[in-house]
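Report on the following structure.
The values are calculated or read from the model by the stated rules, or taken from the named source; none is laboratory data. Because the structure is predicted, anything quoted here is derived from the model rather than measured. Glycine also receives a Cβ, built like all others from the backbone with ideal geometry; neighbour counts cover every protein chain displayed.
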Amino acid sequence: MRQAAAQSEEAAKGFAGFLDAMDPETRQIMEQGLEAQGLNVAGLKGDQGGEIYLEFIERSLHPLLHPPVPAGSRPEDQGMVSLEKNWHGVHYLLCGEVESGNTLLGQAVLGGTEFGENLGYGPARYLGVEQVATLAREISRADLETEMRNRFDPDAMSRLGIYPTPWSEQAIEGLLHEFRRLRDFYVAAAASGLAIVTCIV
């Protein structure tokens, strides 16, 4: 329990620092939005900062991780997209890397600024409005699917441990289908001027 409390305290201070690093106008907008959602921003730096932050994250992520989904609706209808077990394969085809790496395309699945507690495969990640717009343009390139097809190598992906292994030749079409859903999600978010929160659970 002490370790969890210490991690929460560190996360709260880290998030407060993340806000402090923003330009004043953006920080004000962000803080007002967070306050409206019930986060005591000023309290993040106090003695109860970790508890305040953890409670807010748990409350915020619960509807994302356990959304009420009406019968017949799709995740996209709820402002979400889920790549299920294809997340790592889509990531690899986009950038050719096992981890996020430094390329722009490597940020679409595994990029963003980490915040909050470990959800199983690391914390959630935040991609700001400008990042989302930049990524939406990049993953909408007409020649990108050709690059992804050329990068698809079941044997190499299995050797590298791209989840889930092993890979077969038939997997490419399913991966490209999931990529198109991800692409459309980014494009829709960019068109609406939205940020994106990602998580792997």
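At a glance:
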{"read-out": "Segment 182-200, residues that are crowded, with 18+ Cβ neighbours inside 10 Å and not β-branched (Val, Ile, Thr)", "value": "Leu182, Arg183, Phe185, Tyr186, Ala189, Ala190"}
{"read-out": "Out of Glu147, Glu117, Glu173, sole residue that is under 22 Å from Ala190 (Cβ atoms) and of a type in the set (Asp, Glu)", "value": "Glu147"}
{"read-out": "All positions within segment 19-44 that are over 16 Å from Ala195 (Cα atoms) and surrounded by 14 or more Cβ atoms within 10 Å (Cβ to Cβ)", "value": "Leu39, Asn40, Val41, Gly43, Leu44"}
{"read-out": "When residues of segment 134-170 are limited to those that are of a type in the set (A, V, I, L, M) and surrounded by fewer than 17 Cβ atoms within 10 Å (Cβ to Cβ), the one modelled with the lowest pLDDT", "value": "Ala142"}
{"read-out": "Breaking point among (1) aliphatic (A, V, I, L, M); (2) within 30 Å of Thr26 (Cβ to Cβ); (3) surrounded by fewer than 17 Cβ atoms within 10 Å (Cβ to Cβ), for Leu105", "value": "(3)"}
{"read-out": "Of all residues making up segment 117-130, the number that are surrounded by 13 or more Cβ atoms within 10 Å (Cβ to Cβ) and without any contact (Cβ under 8 Å) to a residue 60 or more places away in the chain", "value": "0"}
{"read-out": "Tyr163, sole failed condition from (1) under 17 Å from Leu83 (Cβ atoms); (2) in contact with a Pro (Cβ under 9 Å, 6 or more places away or on another chain); (3) of a type in the set (Ser, Thr, Tyr)", "value": "(2)"}
{"read-out": "Residue that is nearest to Gly50 (Cα to Cα) [pool: residues in segment 1-26 that are at pLDDT 75 or above and outside any helix (DSSP H, G or I)]", "value": "Ala21"}
{"read-out": "Subset of segment 106-164 [in contact with a helix residue (DSSP H, G or I) (Cβ under 7 Å, 6 or more places away or on another chain) and aromatic (Phe, Trp, Tyr)]", "value": "Phe115, Phe152, Tyr163"}
{"read-out": "Among the residues listed as Glu178, Glu173, the single one being closer than 18 Å to Tyr121 by Cβ and assigned to a helix (DSSP H, G or I)", "value": "Glu178"}
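This table checks each residue for (1) charged (D, E, K, R); (2) assigned to a loop (DSSP other than H, G, I, E, B); (3) at pLDDT 85 or above; (4) closer than 30 Å to Leu144 by Cβ.
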site: Ile52; (1), (2), (3), (4): no, no, no, no
site: Glu58; (1), (2), (3), (4): yes, no, no, no
site: Leu61; (1), (2), (3), (4): no, no, no, no
site: Pro68; (1), (2), (3), (4): no, yes, no, no
site: Ala71; (1), (2), (3), (4): no, yes, no, no
site: Asn86; (1), (2), (3), (4): no, no, yes, yes
site: Leu93; (1), (2), (3), (4): no, no, yes, yes
